[in-house]
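Accompanying notes for the structure given below.
Read-outs throughout are calculated quantities, based only on the coordinates presented, and are distinct from any laboratory measurement. Given the structure is predicted, the values throughout are model-derived calculations rather than measurements. FYI the Cβ positions are ideal-geometry reconstructions off the backbone, even for glycines, and counts take in every protein chain you see.
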Amino acid sequence: MDPISGLALGFGHALSLANLGWALLGCFLGTAVGVLPGIGPALTIALLLPITFQVEATGAFILFCGVFYGAMYGGSTTSILLNTPGESGSIITALEGAKMARHGRAGPALATAAIGSFVAGTIGTLGISFLGPVVVELALKLGPAEYFALMVLCFVTVSAVLGGSPLRGLTSLFFGLLLGLIGIDLQTGQPRMTLGVPELLDGVNVVLVAVALFAVGETLHLAWRHAGGEPEVRPVGRLMMSRADWKRSIFPWLRGSLLGFPFGVMPAGGTEMPTMLSYYAEKKLAPPEAQQEFGTTGAIEGVAGPEAANNAAAAGVLVPMLTLGLPTSATAAIMLSAFQSYGINPGPLLFEQQGALVWTLIASLYVANVMLVVLNLPLVGLWARILKIPQPQLYAGILVFATIGTYGISNSVTDLVLLYVIGIIGMFMRRFDFPTAPVVIGMILGPMAEQAMRQALTISQGDWLTFVTRPGSLAILLLAVAALLGPRVYAAMRRAPG
Amino acid sequence: MSAPGSPGRVLQAAPAPRPAILPDLWVGLFVIALGGLALWQAATIPTSPIYAQVGPKAVPFAIAAGLLLLGAGLTYAALRGGWSHTLEEMAEAPPTNWRAITLMLAGLLANLVLIGPCGFSIAASAQFVLVAAAFGSRHLLRDLGLAVVLTLLVWFGFVEGLGVNIGAGYLENLVLMALGQEIN
């Protein structure tokens, strides 16, 4: 289906009253939960997943799209008013945005973030609509060997290229891979890594792990270093952007969007890199008088650009997720597991078999985007009030939801034990600077990679050389090696004189 | 490999004697232990009677090996001076709040112990109060009231709204009785 007729079909479904309602509910819930400090889009969707028990697939995914975009809007509000970024992509927003808020310019900072998110969301969604079918065409030509190679590339980029240390990133990834192995082997029916615990035969739920790491681990880490006192919520003030604010924001929005989207699409997913690059670009490109505001009173360019880059990259992540079934961010991994809970497997065939669902989903991204920019600016006072929930009750409440989300699914105390044990591991991961996203990604991609590998080897009758004799697979694997070793070789060459 | 064996080299890498490497060392050893556990579990996977090009053991062995290697790498990094003392966040962090972390863990434990015999609302309320106390709340009774209302609302939302079957405990039954419903 070509993009135009696909979108026509999609909007036809997305604009029905019921689906508009789901989108609105998703945007509202997403923003409200996303505003809570320390909660990013991945945890927001994970906490709202139980909704899938009662809602059919299309409605649920429209809801999740709303939640996905809404949680990012909410996250920027928290970064600006409270200086507590909920996820790595809004760290940069907090940098300049919180400074603007401290100098009484919270309103324009929120406005430029919201409108920038809208611009980036629109460009990103256009990108999904037109790039998606192209990638699907390519993806249909890939065999299991190429798929396996692609997943290896994903593993390398999400764990070893981004973040502080490849060693710690890879350790997180392998922890996730190990968790993904637990349960019955799909091809032979053998139980694996279950430690003889019958409850583990069904495997460990990826949502449980996400909630454990992002909610339990995060809360435990906060308690560990809790020093008392409430963080200060800055007043919003006037929301209006002045004419100068507009002039200073437009190009950063566009540059940020165009920079962010490709980063999201590539398996090098992740929003840290594009937001950082956008920040440095805007700092360089800003006129001298604006450059002085960077790091002092807060420059509006430093909010507009990175926030747009963040949203465009997050939208871009949906391209590999929908077309290849490869999640490259924790949020995408949770959404993928939501698809799987409906028995739907994202990948190239999704566009053919579930065309109506995919295009409705894409159309509802446009809808959610418009709803958010219309709704959120007037409601910003309400979101700011959510920020004032006192910490003790807030974190106690988050844990209540984490508990019922886990216990409600299975009624099993074993799952609760698992939730808390992985939560404690998550606390130590925070303490020792191990990234948590690779755990979730490894857990969901690991079994898929193993299956692709074993399929490829069955086709080649056990010949391991199939991964390096097929040109596509070889090229992707070489790329993975380059991504893993490139930065190190470069650093070594610079260190070695001559 | 051990510090006394080659003190000169270790001292050279870490100019001042740092107590900070000990926590990092534990992390490395923990990952090695995890790898060992994975290796043991991989070895006990029964060999498949069904023919497959790559059996169910290959990938578990590879991941166990990976964990062992990464654990060794982390241990080596710890012995060379560790990494966590260089983290900005750690340098600024206030000292360990033993009271808060103990109360938090007590809250999780209370939930685990109570949820089976007493039901969700009682267990989660106990957890709520303890977690709120961990974060410095001093209004015990107010928290308790809030917790009971919140957990009951969440329970009814899940059971009635989403159709999830969560067994009713004492508190849920009381409310159901007050609403005049039959307890099943």
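Using the alpha carbons alone, the radius of gyration of segment A:346-498 stands to its Kirkwood radius in an Rg to Rh ratio of 1.08. Net charge dipole, the protein assembly as shown: roughly 1580 debye, given to the nearest 20, about the Cα centre with Cβ charges of +1 for Lys and Arg and -1 for Asp and Glu. Computed from the C-beta positions of A:E352 and B:L105, the FRET efficiency with R₀ = 51 Å rounds to 0.50. Evaluated at q = 0.06, 0.07, 0.10, 0.11 Å⁻¹, a Debye calculation over the C-alpha positions of the protein assembly as shown (equal weights, vacuum) places log10 I(q)/I(0) at -0.34, -0.47, -1.00, -1.23.
Farthest toward the positive end of the dipole of chain A, out of A:V236, A:Q340, A:S473, is the Cα of A:V236, where the dipole comes from beta carbon charges about the Cα centre.
Projecting the Cα atoms of A:I184, A:V373, A:W246 onto the charge dipole of segment A:3-495 (Cβ charges, centred on the Cα centre) puts A:W246 farthest toward the positive pole. For segment A:52-167, taking the reciprocal of the average inverse distance between every pair of different Cα atoms yields a Kirkwood hydrodynamic radius of 17.4 Å.
Over the whole of A:426-435, what's the average partner chain Cβ count within 10 Å per residue? Rounded to a whole number, please. Walk me through the numbers before you get to the answer.
Details: counts 0, 2, 4, 1, 1, 8, 13, 7, 3, 0.
Going residue by residue through A:426-435 and averaging, the value is 4.
What ranking of B:L171, A:L445 emerges when the number of other C-beta atoms within 10 Å of each C-beta is taken as an exposure proxy, fewest first? Taking fewest neighbouring Cβ atoms as first place, the list is B:L171, A:L445. Taking a point 7 Å out from the Cα of A:S5 in the direction of its Cβ, the residues of segment A:349-367 whose backbone N falls within less than 17 Å of it are A:351-360. Towards the positive end of the charge dipole of segment A:96-246, with charges on Cβ (+1 Lys, Arg; -1 Asp, Glu), say which of A:V135, A:A109, A:S172 has the farthest Cα. Sorting the options by dipole projection puts first A:A109.
Could you compute the FRET efficiency for B:A72 and B:V113, with r as their C-beta to C-beta distance and R0 at 45 Å, rounded to 0.05? Don't jump to the answer; show the numbers that get you there.
Numbers: r = 38 Å, r/R0 = 0.85.
That pair, B:A72 with B:V113, gives E of 0.75.
Residue by residue along B:105-111, Cβ atoms of other protein chains within 10 Å of the local Cβ number 4 on average. Cα centroids of segment A:431-498 and segment A:228-267: 35 Å apart. The angle between the Cα long axis of helix A:437-459 and the main principal axis of chain A comes to about 30°, on a 0 to 90 degree scale. Here A:T406, B:T151, A:T414, A:T194 are placed in order of increasing Cβ neighbour count within 10 Å, fewest first, which gives A:T414, A:T194, A:T406, B:T151.
Expressed in nm to one decimal, what extension gain is obtained for the pair A:L20 and A:K388 from 0.36 nm per residue of sequence separation less their Cα-Cα distance?
Working: separation 368, 0.36 × 368 = 132.48 nm, distance 2.99 nm.
Taking 0.36 nm per residue and subtracting the Cα distance, the gain is 129.5 nm.
Once you reduce segment A:54-109 and segment A:10-35 to the center of their Cα atoms, the two points are 17 Å from each other. Distance from a point 7 Å along Cα→Cβ of A:Q291 to each backbone N in segment A:251-280: keep the residues under 16 Å and list them by number. Within reach of a label on A:Q291: A:279-280. Measuring r between the beta carbons of A:K284 and A:V481 and using R0 = 25 Å, the FRET efficiency lands at 0.15.
The length gained on full extension between A:R494 and A:S165, counted as 0.36 nm times the residue separation minus their Cα-Cα distance, comes to 116.6 nm. In the protein assembly as shown, helices alone account for a calculated mean residue ellipticity at 222 nm of -22500 deg cm²/dmol, with every DSSP H run of four or more residues adding -39,500 (n - 2.57).
Annotation: amide H-H contacts under 5 Å for A:I184 (H modelled 1.01 Å from N, sequence separation of 5 or more, or interchain): A:R192, A:G203.
Please arrange A:D415, A:D463, A:D433 by how many other C-beta atoms lie within 10 Å of their C-beta, fewest to most. Please list the in-between numbers first.
On the way: A:D415 20, A:D463 12, A:D433 17.
By the 10 Å Cβ count, ascending, the order reads A:D463, A:D433, A:D415.
Which value, in debye to the nearest 20, describes the size of the charge dipole of segment A:1-137 about its Cα centre when Lys and Arg Cβ atoms bear +1, Asp and Glu Cβ atoms bear -1, and nothing else is charged?
Working: 3 positive and 5 negative charges, 111 e Å.
So the magnitude is around 540 debye.
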